[in-house]
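Visitor: Quick one: the structure is below, and I'll ask about it shortly.
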Amino acid sequence: APVPDDVKALASPVASENAKFMKDTLVAVPKQAVAGAYVYPVVVRYSDEDVNKHANHSAQARFFEDAKETIMYDEAADAALRALAEQQLDSIVISYAAEVSALDRLEVKVALSSDGSALDVWVDRLQPNPTLVARGRMVVGGGRIPSSDDKRLQSSKL
């Protein structure tokens, strides 16, 4: 299958706008989770694995998004963190440090970026072989995500 142009641009010797954005974003994310980060536990499912028996990119992105969604509804979460988690997701940038497989126990840690405009994320494997497996950032904005209750109420009035 042909490689899409936007993917080809990431490998170009001349940095594309997307490649520059990704590099700049990852440089801004601390190498380790900050103290007091929100913690969301995850167990890798067999369905998260690819043919090589490793959790694939879409699984890691889902771990990020599931943590964001949980924060959005967790009344005990920090108010500023919840306010950002309630925003629409614009992009996810992920850097991988290690592979994970089915039944690995992980912690997804989420904190406000240093400028308070994004959600920084770290995924640590707890068992087996504890280590950082991924880190990245969720760029958010564009207003609050409409709740499913709001949508239900709106559709019931039709």
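Only the coordinates and a few stated rules stand behind these numbers; no lab work does. Because the structure is predicted, anything quoted here is derived from the model rather than measured. Cβ sites come from the backbone with ideal geometry, for glycine too, and all protein chains shown count toward neighbours.
Visitor: When the helices in the chain are scored as -39500 (n - 2.57) per DSSP H run of 4 or longer and the sum is shared across all residues, what 222 nm value do you end up with, to the nearest 500 deg cm²/dmol?
Guide: Rounded to the nearest 500, the figure is -9500 deg cm²/dmol.
Visitor: Ok, one more. Quick one: which of 69-78, 91-100, 117-126 comes out on top by average Cβ neighbours within 10 Å, and what's the full order, highest first?
Guide: Sorting 69-78, 91-100, 117-126 by mean packing, highest first, produces 117-126, 91-100, 69-78.
Visitor: Arg82: net charge of surrounding residues, Cβ under 12 Å, Lys/Arg +1, Asp/Glu -1, itself excluded?
Guide: -3
Visitor: I've got another one for you. Principal axis lengths of the chain from Cα atoms, whole Å, largest first?
Guide: 51, 38, 35
Visitor: Further, regarding this structure: What number of lysine-lysine pairs in the chain show an alpha-carbon separation below 21 angstrom, given a sequence spacing of 8 or more or placement on distinct chains?
Guide: Total qualifying Lys-Lys pairs in the chain comes to 9.
Visitor: State to the nearest 20 debye the size of the charge dipole of the chain about its Cα centre, where the only charges are +1 on K and R beta carbons and -1 on D and E beta carbons.
Guide: It works out to roughly 60 debye.
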